[in-house]
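Single-structure report; data block below.
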Amino acid sequence: MRARDIMDTRFHTLRPDQSIAEAVKTFHDASAAEQKKIFGLMVTDERNRLVGMLSMYDILLFVRPKHAGLWGEMEGLPLEDAFDELLDRVKTIRVSDIMTTDVVTIGPDTHAMVIADVMIKRHIRRLPVVDGQEIVGIVYISDLFNHLLKKFFYNSGK
Amino acid sequence: MPVVQPRHVLSGMLVNEAMRRQIVQLPAAAAVAKGINHLLKFKVNALLITDMDQRPAGVVSKTDLIAAFYAGLPIDTPLGDIMIGPPLTCYPDDAIESALDRMRGHGVHRLYVTGAEATSMVGTLSYTDVVALLYRYCRSCPKSTSRKGVAAKPEDEEWRLHVRDVMTASVVSVPASARIAQVVEGLMAHRFGAVLICSVKGAAMGVISKTDLIRAYHHGISLEATADSIMTAPVVAWGQDAPLWEALQYMFLKDVQRLFVHSGDSLRIIGVLSLSDTARVRSGSCRACMPSRFITSE
């Protein structure tokens, strides 16, 4: 069982110069279209080459105030309207400003166990499958898990 | 011989109580574009640059990136070409006061904290981290008026520090029609963290911070573009008589590094209060713990 057997060949991508609001909308649209929750998207340039990944984690990292540690340990802080301005700041940035640029990729022939190993060691939940310069699919941790389990139950006759 | 030494809140506190354990680093071969991406993403003011053997080689600050922007360097220039090295360091068990003196002496805003080996960095110490520690200290102080339900006693009032006591009473401003290049010139000449953008009549319209400038560099905006195209508006301005702790709390909650200060008319800016100014005072909100003096014998 290799990446080509598990990967999702329908995927949604972002452009580096898109706003974060557009990216969030793409997350929602992609989740609706794929009938599953999408937490990360590939970012491609005008020649469809992979230049980065943007996950909801990256956006949260940006929204979180630097001294968030102070919030937790203190009582009586006026937090009600604090988020509005923090979220407002997202308007000035683009996908390329906060995307992860060191993207780990796999080839179509990468074995499922190698994929599991990469995901565990590097804490990655989705891996783009790249053939040469071309993106051919994406492997989600949920799909990998379901494939492995299906194979196990089938082989053990259950 | 007995010597009188001023004693501050920070006396006796060590670097490891205030330092931040996250270090954002990149290899010297990484591009400027990637450096800016990391500064924006991790909200830090500088990057540690490592050499081919993963050893710390230098630092690239926002100021260095703005200089590269101004010099017209392409966005794919290696960070190693613009870094300043070697990084200035301190130890986790150094006194915060001596670390602050070292920062001031070298005119830098941060020190890297090294462990047992000079090549292993364990954290960073910035002015902001020191102020966060002071703020925390002041909130738990019995004289604090920052806690909810604690009424300010009139006799405490004279101890309290106000924005006007700590602010820098000057600002750099440029007109909204100025080119970004002029904004950079104003910023560099005065070593300020942000420039005020004013209308023809001198009213505050917006702010351009170092972060706004490196974002413009990353977005490929020309130095010839006008200031108002990249400014953040409106200007957040505080009255000079506001208690310092309120201003500090605001800066921590809203994640900003400075506030502009007015004396009644919020469009007439008279000064700026930055988190690094507050670190200079070495007290979070009042003078109650500042005048205590200590007689020690050498």
Fill in: Mean Kyte hydropathy of -1.0 or more with a Cα span along the axis of at least 27 Å, helices from DSSP in chain B
none
Worksheet item: How high is the relative contact order of chain B, given as a whole-number percent (alpha carbon pairs under 8 Å, six or more residues apart)?
Response: 23
Worksheet item: For the protein assembly as shown, what does -39500 (n - 2.57) per DSSP helix run (n ≥ 4), summed and divided by total residues, give at 222 nm, in deg cm²/dmol to the nearest 500?
Response: -10000 deg cm²/dmol
Response to the item:
Taking every C-alpha to C-alpha distance in chain B and binning by 5 Å from 0, the per-bin percentages run 1, 5, 11, 14, 16, 15, 14, 11, 7, 4, 2, 1, 0
Item to complete: Measure out, as a whole number of angstrom, how far apart the alpha-carbon centroids of region A:16-45 and region B:23-95 sit.
Response: 31
Discussion item. Using a 7 Å offset from Cα along Cα-Cβ at B:Glu117, what residues in region B:35-68 end up with backbone N under 15 Å from the label point?
Written reply: B:51-57
Discussion item. In 10 Å bins starting at zero, report the fraction of Cα pairs in region B:2-132 per bin as a rounded %.
Written reply: 12, 41, 30, 12, 4, 1
Worksheet, complete the sentence: Taking a ≥ b ≥ c as the square roots of the Cα gyration tensor eigenvalues, with a/c under 1.5 meaning rounded and otherwise prolate when a/b beats b/c or oblate if not, region B:161-281 comes out prolate
Item to complete: Would you mind getting me the FRET efficiency between B:Ser199 and A:His147? Use the beta-carbon distance for r and R0 = 60 Å, nearest 0.05.
Response: 0.45
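I'd like the FRET efficiency for B:Ser98 and B:Asp165, computed as 1/(1 + (r/R0)^6) with the beta carbon distance as r and R0 of 30 Å, rounded to 0.05.
Details: r = 25 Å, r/R0 = 0.82.
Computed FRET efficiency for B:Ser98 and B:Asp165: 0.75.
For peptide B:29-37, compute the average count of partner chain beta-carbon atoms within 10 Å of each residue's beta-carbon. Spell out each step's value before the answer.
On the way: counts 0, 2, 1, 0, 4, 3, 0, 2, 7.
Whole-number average of other-chain Cβ neighbours for B:29-37 is 2.
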Worksheet item: Mind checking which of B:Leu40, B:Leu248, B:Leu213 has the largest fluctuation in a GNM of chain B, springs on alpha carbons under 10 Å?
Response: B:Leu40
Practice prompt. Any chance you could list P(r) for region A:3-155, counting all Cα-Cα pairs in 5 angstrom bins from zero, rounded to whole %?
Written response: 2, 8, 16, 18, 17, 13, 10, 7, 5, 3, 1, 0
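May I ask for the Kirkwood hydrodynamic radius of the protein assembly as shown, worked out over all distinct Cα pairs and given in angstroms to one decimal?
Here the Kirkwood hydrodynamic radius works out to 24.7 Å.
Each value in this text was obtained by applying a stated rule to the coordinates, not by laboratory testing. As the structure is a prediction and not an experimental result, all values here were calculated from the model. A quick note on method: Cβ atoms are made from the backbone with ideal geometry, for glycine too, and the neighbour counts reach across all protein chains shown.
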